[in-house]
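A.B. asks: Structure in structure tokens, see below.
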Amino acid sequence: MIYSIYGLARPVFAPVKIGTGADIAIGISNGMLGGLTGLGGVISTISCQWRGWPKDVQRAVFQPVLFVAFVVISITQAIAGSITRDTLTLYAWGVPFMAAGLWSGFRLFGKIDDETFRKTVLVLLLAGMSLIFTAPTAAADSPNH
């Protein structure tokens, strides 16, 4: 959340050269965060921005990373038995919103410049990270707890 707020408040970061060791650490950290929170692409998305890559390159990197992360997360949740009927119902409720987001993203991607893309990614990261802090409160307030 701090990274997103800082990135929105200041101009573009100067590109950072990241080596193989850092890429490995980014991959491991991204996997651990994804497994712990379900936010499987946050660290790789931030690393793409640090490198100063244009939006096409960022997208070419973090789309497959996100896909693989969420497939692995889904498989491990299924193996662990944490996917229930309620979980599937929630996923079903989310599908139309996901489809609307995908459609909007595909329509807007070619029409926005790199800076607007950067800010959009930061806002989405901020929104996703905020779920970490709001989810436990919402769960504690539910009648089942």
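The numbers here are math on the coordinates, done by the rules we state, and not lab data. Quick caveat: nothing in here was measured; it's all calculated off a predicted structure. Positions of Cβ are generated from backbone atoms using ideal geometry, with glycine treated the same way; all protein chains shown enter the neighbour counts.
A.B. asks: If the cut-off is 22 Å between C-alpha atoms, which lysines fall inside it for residue 111, apart from same-chain ones fewer than 8 positions away?
C.D. replies: Reachable lysines: 55, 119.
A.B. asks: Quick one: which of 20-29, 35-44, 78-87 comes out on top by average Cβ neighbours within 10 Å, and what's the full order, highest first?
C.D. replies: The peptides rank, most packed first, as 35-44, 20-29, 78-87.
A.B. asks: State, in angstrom, two size descriptors of the stretch 1-119 derived from its alpha carbons: Rg to one decimal place and Dmax to the nearest whole number.
C.D. replies: Radius of gyration, then largest Cα-Cα span, for the stretch 1-119: 16.1, 47 Å.
A.B. asks: Which FRET efficiency value, to the nearest 0.05, is calculated for residue 116 and residue 1 with the Förster distance at 22 angstrom and r the Cβ-Cβ distance?
C.D. replies: In this case the efficiency is close to 0.60.
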